[in-house]
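The values are calculated or read from the model by the stated rules, or taken from the named source; none is laboratory data. Note that the coordinates shown come from a computational prediction; the quantities given were computed from them, not determined experimentally. Reconstructed Cβ throughout: ideal geometry from the backbone, glycine too, with neighbour counts over all protein chains shown.
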Ligand SMILES: O=C(O)C(=O)C[C@]1(C(=O)O)C=C[C@@H](O)C=C1
């Protein structure tokens with residue numbers, strides 16, 4: 001039994017950590033038929049105790065998803081996808097799939113390998129905290145977040161709209177992108193900052209206990225994401241290694257230039273001036289310069305290409 005209304009489709013979430021669990025909460029608040037699977041009984045017990053519908057039985061969860069024609073959201077750590085996808089193929093082969101993993105090309109390749117017939121629209125909500133697990137979940141995690149949905153020339157428009165409705169229901173705005181542009185973008189604005197946060201934390205802690213006892217806003221903000229569980233950071237960073245290597249090389253070049261400039265001329269002018277201008281450009285967009293994508297009907301000829309073109313200029317899709 002399925003709902004013909006894409007905004008009412010049931011949602012089956014595999015993995016109830018910070019992102020999957022928060023999505024289960026957000027969908028339930030919204031009155032969606034939402035249910036989840038997690039392999040840990042402790043997590044499932046906690047979800048049930050909070051009034052949610054959850055199970056440790058993957059087969060039963062997927063059979064139910066198949067019966068309801070639910071959208072299946074892959075929200076396990078990226079390293080667990082290989083274990084979960086064969087069960088999806090076996091018990092819910094025709095269901096629409098999406099995911100919340102922070103890399104898109106490698107996930108799309110994995111799905112093409114393990115589930116070649118999958119109906120799949122990749123997703124990435126740009127939301128999180130340095131906490132992890134069910135205990136950290138909140139229904140408001142996605143409020144105001146940018147939720148990237150892969151929008152390729154061959155993306156099925158009806159499936160895209162069904163997944164977009166989930167992101168909008170969760171309180172987010174949809175940013176269409178091709179998987180490769182997405183991966184380059186998040187390497188620069190999410191994965192690289194995790195590496196630099198770790199480096200800053202190591203240098204600060206290595207300096208002295210005095211340094212740590214004096215640490216204030218800049219150290220706190222600049223190292224916050226180093227507090228994320230190392231296994232989660234590694235899974236995310238290592239899955240986007242090509243794009244991350246490029247961003248890392250550019251950073252090392254800029255820092256090397258700043259070091260040489262400081263050593264030889266006693267100034268860090270170039271990096272600080274460029275950095276300040278770049279930060280202002282970000283603030284301009286982050287504080288409201290985003291405009292709605294206009295004049296595109298999802299499914300009309302060339303819609304995906306036009307969506308991607310507009311989204312490159314700080315535009316979002318709001319339905
Ligand atoms: O705010 C945080 O703590 C995050 O790390 C969130 C953050 C990021 O901004 O880098 C991290 C990973 C997600 O894939 C998306 C967003």
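Got at least one residue in region 232-248 being more than 16 Å from residue 190 (Cβ to Cβ) and more than 16 Å from the ligand (Cβ to nearest atom)? No: region 232-248 contains no residue that is more than 16 Å from residue 190 (Cβ to Cβ) and more than 16 Å from the ligand (Cβ to nearest atom). Applying a threshold of 8 Å to beta carbon distances and a minimum spacing of six or more residues, or different chains, the list of pairs starting in region 189-201 at a residue that is closer than 14 Å to residue 102 by Cβ and outside the structural domain of residue 128 (by the TED database) and ending at one that is more than 7 Å from the ligand (Cβ to nearest atom) and not in a helix (DSSP H, G or I) reads 191/240.
If the condition is being exposed (fewer than 12 other Cβ atoms within 10 Å of the Cβ) and either more than 25 Å from residue 254 (Cβ to Cβ) or within 16 Å of the ligand (Cβ to nearest atom) (or both), then region 196-214 contributes 208, 209, 210, 213, 214.
Of all the residues in region 32-51, those that are within 23 Å of the chain's Cα centre (by Cα) and either farther than 18 Å from residue 9 by Cβ or assigned to a loop (DSSP other than H, G, I, E, B) (or both) number 8. The sole residue among 60, 80, 66 that is farther than 20 Å from residue 172 by Cβ, at pLDDT below 95 and either touching a strand residue (DSSP E or B) at 6+ places or on another chain (Cβ under 8 Å) or not in a loop (DSSP other than H, G, I, E, B) (or both) is 80.
Let's see how each residue does on (1) under 22 Å from residue 235 (Cβ atoms); (2) without any contact (Cβ under 8 Å) to a residue 12 or more places away in the chain; (3) surrounded by 18 or more Cβ atoms within 10 Å (Cβ to Cβ):
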site: 74; (1), (2), (3): yes, no, yes
site: 80; (1), (2), (3): yes, no, no
site: 94; (1), (2), (3): no, no, no
site: 105; (1), (2), (3): yes, no, yes
site: 118; (1), (2), (3): yes, no, yes
site: 134; (1), (2), (3): yes, no, yes
site: 139; (1), (2), (3): no, no, yes
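Taken together, 140, 98, 129 contain a single residue that is within 16 Å of the ligand (Cβ to nearest atom) and either in a strand (DSSP E or B) or under 18 Å from residue 184 (Cβ atoms) (or both), which is 98.
Restricted to region 155-172, and to residues there that are outside any helix (DSSP H, G or I) and either surrounded by fewer than 20 Cβ atoms within 10 Å (Cβ to Cβ) or at pLDDT below 95 (or both), the residue that is farthest from the chain's Cα centre (by Cα) is 156. Among the numbered criteria (1) within 15 Å of the chain's Cα centre (by Cα); (2) surrounded by fewer than 21 Cβ atoms within 10 Å (Cβ to Cβ); (3) more than 16 Å from the ligand (Cβ to nearest atom), which single criterion is violated by residue 176? The one condition residue 176 does not meet is (2).
The set of residues from region 215-230 being surrounded by 11 or more Cβ atoms within 10 Å (Cβ to Cβ), more than 14 Å from the ligand (Cβ to nearest atom) and assigned to a helix (DSSP H, G or I) comprises just one member, 219.
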